[in-house]
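Participant: Sharing a structure with you now.
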Amino acid sequence: MTAQGGFSRAFLTRFGSVARIRRLLPALPLVVGLLVLPGCGNSGEPVVNVYSHRHYDTDEALFQRFTEMTGIEVRVVSASADELIARLEREGEASPADVLITVDAGRLHRAKERGLLRSVSSRELESAVPEALRDPDGYWFGLTKRARIIAYARDRVNPDDVQTYGDLTDEQWAGRIVARSSENIYNVSHLASIIAANGPEVADAWVRGVVANFARAPQGNDTDQIRDVAAGVGDLALVNSYYVGRLLNGEDEAGRELARQVGLIFPNQGGRGTHINVSGAGVTRHAPNSANAIRLLEFLVSEEAQRAFAEGNFEYPVREGVQWAPTLAEWGDFRSDPLPLSRLGELNNEAVQIFDRAGWR
Ligand SMILES: [Fe+2]
């Protein structure tokens, strides 16, 4: 769009010369207000394109609500996080994406490092999302929170015996821990938090201690770890809290039964707190509708949206004072590690090296 004297072509077509516009100036705030609605991105189209790893009915309902409120249509492309990141890289400047929604601060940091996101300044986002749960430069914002908890077999483990992540290295757990691969970002980010809190030597020793207690070689996803604890393959596993919430509330009766056999420990309550992470979003570097993208993010951290958005995946809202889903309320409040999550991405490489060196495959 070309501009004359700072006014867009559309504006000039409508109101004539710059001189005429100057005569109209007292009325300008109203006129500009009308032109800005319903969604003035750079493209001017009332649309926002979202690349999301999430595919929950609650998200669909929320996006519809956003459209009702703003007139901005939300178009969603769903795929795995790695696919979406690869797609953004491939599309480059031509990408139609305005927003990337994905999980884990480590992965959001990766998207930032690869130049796929842009810095956003929004008082709304900055006041709703606690500082530790967003990028310090505004490249991404946490939208929901998850805890890395210890799932244990209720009939074989006394939870008093395993109150910290460090306790997992105790020899009483030899042959009793199941885990997923160290290539998984949840494990990488968790180890990054141990490096941040205790340094690389302690992190190295921790990995060796846990590996020595493995019941089997790492395999599967978090749900598989819960299944294997319930089935007696092992007695303890590190998993993200929402996997237990999902199973407990799922359609599948067998899954609900499995989850009931497993107890949850929120580790490190006497110390730095339980390791937490987020699913979050950023505005893409080449967003054609960046103003709409920011409005969508601001909507997703509003009180109205936070509860539903978090509940869609049995996660915790990032915004203070928003009600938790009943299952999470039953589990109770807990102390979270206050570490700024941007550190997890920064320590990602070091964590990967320690996993390799210490033999967690
Ligand atoms: Fe997950």
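Nothing in this text is a laboratory measurement; each read-out follows from the coordinates by a stated rule. What you see is a predicted model; the values in this text were computed from it and never measured. Note: ideal-geometry Cβ built from the backbone for every residue, glycine included; neighbour counts use all protein chains shown.
Participant: Dipole size in debye (nearest 20) for the chain around its Cα centre, Lys and Arg Cβ +1, Asp and Glu Cβ -1? If you can, show how the numbers build up before the last one.
Facilitator: On the way: 39 positive and 48 negative charges, 287 e Å.
So the magnitude is around 1380 debye.
Participant: When the Cα centres of segment 322-361 and segment 194-227 are compared, how far apart do they sit, in Å?
Facilitator: Cα centroid to Cα centroid, the span is 13 Å.
Participant: Considering the alpha-carbon set of segment 122-193 alone, what are its Rg and its Dmax in angstrom?
Facilitator: According to the Cα coordinates of segment 122-193, Rg and Dmax are 17.2, 50 Å.
Participant: Follow-up. Search the structure for amide H atoms under 5 Å from the amide H of residue 47, placed 1.01 Å from N in the peptide plane, and list their residues when 5 or more places away or on another chain.
Facilitator: 73
Participant: Note the full-extension length gain between residue 254 and residue 221 as 0.36 nm times their separation in residues minus their Cα-Cα distance, in nm to one decimal. Intermediate results must be reported in sequence, preceding the final value.
Facilitator: Working: separation 33, 0.36 × 33 = 11.88 nm, distance 1.79 nm.
Difference between extended and current length: 10.1 nm.
Participant: A further question follows. What is the ratio of the Cα radius of gyration of segment 95-217 to 2.2 N^0.38 Å, where N is its residue count, to two decimals?
Facilitator: On the way: Rg = 18.1 Å, N = 123, 2.2 N^0.38 = 13.7 Å.
Ratio of Rg to 2.2 N^0.38 Å for segment 95-217: 1.32.
Participant: Still on this structure, please answer the following. Sticking with the crude label model, points 7 Å out along Cα→Cβ, report the distance from residue 57 to residue 45 in nm, one decimal please.
Facilitator: 3.0 nm
Participant: How far is the Cα center of segment 87-113 from the Cα center of segment 275-317, in Å?
Facilitator: 14 Å
Participant: Sticking with this one: Give me the distance in nm between label points sitting 7 Å out from Cα along the Cα-to-Cβ direction at residue 121 and residue 137, one decimal.
Facilitator: If labels sit at residue 121 and residue 137, their model points lie 1.5 nm apart.
Participant: To continue, here is another question. Expected output is a single nm value to one decimal: the length gained when fully extending between residue 90 and residue 183, i.e. 0.36 nm times separation in residues minus the C-alpha distance. What is it? Walk me through the numbers on the way to the answer.
Facilitator: Working: separation 93, 0.36 × 93 = 33.48 nm, distance 2.33 nm.
Extending this stretch completely gives an extra 31.1 nm.
Participant: If every alpha-carbon in the chain counts as one equal scatterer, what log10 I(q)/I(0) does Debye give at q = 0.06, 0.11, 0.15 1/Å?
Facilitator: -0.27, -0.77, -1.29
Participant: Just check segment 39-92 against the gyration tensor rule for me: Cα atoms, a ≥ b ≥ c as the square roots of the eigenvalues, rounded for a/c under 1.5, and otherwise prolate or oblate depending on whether a/b exceeds b/c. It would help to have the intermediate numbers written out before the result.
Facilitator: Numbers: a/c = 4.60, a/b = 1.28, b/c = 3.58.
Note, shape of segment 39-92 comes out oblate.
Participant: OK, next. Express in nm, to one decimal, how much length is gained between residue 80 and residue 350 on full extension, taking 0.36 nm for each residue of separation and deducting their alpha carbon distance.
Facilitator: Working: separation 270, 0.36 × 270 = 97.20 nm, distance 2.47 nm.
Separation in residues times 0.36 nm, less the Cα-Cα distance, equals 94.7 nm.
Participant: If you don't mind, there's one more thing I want to ask. Normalised by the empirical 2.2 N^0.38 Å for globular proteins, what value does the Cα Rg of segment 282-361 take?
Facilitator: Values: Rg = 17.5 Å, N = 80, 2.2 N^0.38 = 11.6 Å.
For segment 282-361, the normalised Cα radius of gyration is 1.51.
Participant: Can you work out the FRET efficiency for the pair residue 208 and residue 154, with r the C-beta to C-beta distance and R0 = 30 Å, to the nearest 0.05? If you can, show how the numbers build up before the last one.
Facilitator: Working: r = 28 Å, r/R0 = 0.94.
In this case the efficiency is close to 0.60.
Participant: While we're here: Could you bin all the Cα-Cα distances of segment 179-324 into 5 Å bins starting at 0 and give me the percent of pairs in each, rounded to whole numbers?
Facilitator: Percent of pairs per bin, in order: 2, 8, 13, 16, 17, 16, 12, 9, 5, 2, 0.
Participant: Among 203, 188, 241, whose Cα projects farthest towards the positive end of the dipole of the chain, with charges put on the beta-carbon of Lys, Arg (+1) and Asp, Glu (-1)?
Facilitator: It is 188.
Participant: OK, next. Given the options 310, 291, 329, which has the most mean-square fluctuation in a GNM of the chain, springs set between C-alpha atoms less than 10 angstrom apart?
Facilitator: Between 310, 291, 329, it is 329 that shows the largest mean-square fluctuation.
Participant: Quickly rank 246-252, 272-278 as a protection proxy: mean count of other C-beta atoms within 10 Å, highest first.
Facilitator: Going by the mean number of other Cβ atoms within 10 Å, highest first, we get 272-278, 246-252.
Participant: Would you mind counting up the charge near residue 277? Only other residues with Cβ under 14 Å from its Cβ, with Lys and Arg at +1 and Asp and Glu at -1.
Facilitator: Details: positive: 107, 110, 134, 145, 146, 148, 343; negative: 104, 135, 222, 315, 337.
Cβ neighbours under 14 Å give a net charge of +2.
Participant: Using the Cα gyration tensor of segment 74-125, with a ≥ b ≥ c the square roots of its eigenvalues, what is the shape: rounded (a/c below 1.5), prolate (a/b larger than b/c) or oblate (neither)? Don't skip to the end; give the middle numbers.
Facilitator: Details: a/c = 1.39, a/b = 1.25, b/c = 1.11.
Rounded, since a/c falls under 1.5.
Participant: Of the listed peptides 148-155, 316-323, what is their order by residue-averaged count of other C-beta atoms within 10 Å, with the highest listed first? Display every interim value, and only then the final one.
Facilitator: Details: 148-155: 20.8, 316-323: 18.0.
Listed from highest to lowest mean packing, they are 148-155, 316-323.
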